[in-house]
């Protein structure tokens, strides 16, 4: 195993989860992310004698529920780590696991390179950045984001709380993405224009900016065929097609270790000095919309205003 990948896996297990010898651990992976899964498994077995590796075929979409035995193992473990091709972050399986007291982290779409880049970082410093953002936005009635690329969107959190994804997952029921580093909210409504000029599925780093118009908390137009097509496919499969077009999240990056966007949403949405906005499911992050998709778009060089006052963002 590559020494850098081994060190990144050890950071996830030791620093982020703080795993102890008497804890049970479920490592959830799939056929396409097996090398990362095995690295995490090896790091976990160095700390605990009760580690299970669960491997299943990749699904077809972010937000798709994992197989029932995987969901059960996550729910029964003290801790879980999930390097998978498609995100299980916004699934009922993950939500029920943390509600049952399991703590853990999902790692959707992760590769060895992304894991090394995103976990070679000072997570105490990342946590401090998340706290700083949280202190500036947590009581705001409106949060406006502008950016040189054309973004000008205002979200209203209402009574929904802001969350800090610090990567430090040490208390029962706590949860994070890894690599981590963001402060985020599921707004009650939003209006304006989002111009994604960073990273967004299915493109990775976008060659041309993606323009998304939002009114009353719903996406009303998308000018990119690939993004629009993925939303239309999800809407066709959804019980409630309108749920797919919900403006689900505003996140503010705080990972000061990410200097350049890499084309991975998992990593790039955490980059300090960026924001990301997501469309689709928000039920697992404080909202009330269930959808079979949660897709994020990263905006470069934003200015964020909390009730009209520009806030200070961390920088890499």
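FYI, it's all coordinate maths here, none of it is from the lab. Quantities reported herein were computed from a predicted structural model and do not represent experimental measurements. Neighbour counts run over all protein chains shown; Cβ positions are idealised from the backbone, glycine included.
Could you tell me which of the residues 105, 82, 93, 97 is over 21 Å from residue 11 (Cβ atoms), surrounded by 24 or more Cβ atoms within 10 Å (Cβ to Cβ) and within 18 Å of the chain's Cα centre (by Cα)?
Values: 105 fails: over 21 Å from residue 11 (Cβ atoms); 82 fails: over 21 Å from residue 11 (Cβ atoms); 93 fails: surrounded by 24 or more Cβ atoms within 10 Å (Cβ to Cβ).
After applying the criteria, what remains is 97.
For residue 119, the conditions (1) farther than 20 Å from residue 293 by Cα; (2) touching a strand residue (DSSP E or B) at 6+ places or on another chain (Cβ under 9 Å); (3) buried (at least 24 other Cβ atoms within 10 Å of the Cβ) are fulfilled apart from (2). Among the residues that make up the stretch 294-306, is at least one of them free of Cβ contacts under 8 Å to residues at least 24 places away in the same chain and not in a strand (DSSP E or B)? No, there is no match, as no residue in the stretch 294-306 is free of Cβ contacts under 8 Å to residues at least 24 places away in the same chain and not in a strand (DSSP E or B).
Residues of the stretch 47-66 that are surrounded by fewer than 17 Cβ atoms within 10 Å (Cβ to Cβ), in contact with a strand residue (DSSP E or B) (Cβ under 8 Å, 6 or more places away or on another chain) and farther than 15 Å from residue 37 by Cβ: 50 alone. For the stretch 137-170, the set of residues classified as part of a strand (DSSP E or B) and crowded, with 16+ Cβ neighbours inside 10 Å consists of 143, 144, 145, 146, 153, 154, 155, 156, 163, 164, 165, listed by residue number.
For the stretch 265-276, name all the residues that are surrounded by fewer than 21 Cβ atoms within 10 Å (Cβ to Cβ) and within 12 Å of the chain's Cα centre (by Cα). Across the stretch 265-276, there are no qualifying residues.
Of these, 231, 247, 267, which one is closer than 24 Å to residue 149 by Cβ and out of contact with any helix residue (DSSP H, G or I) (no Cβ under 8 Å at 6 or more places or on another chain)?
Being closer than 24 Å to residue 149 by Cβ and out of contact with any helix residue (DSSP H, G or I) (no Cβ under 8 Å at 6 or more places or on another chain) holds for just one of 231, 247, 267, which is 247.
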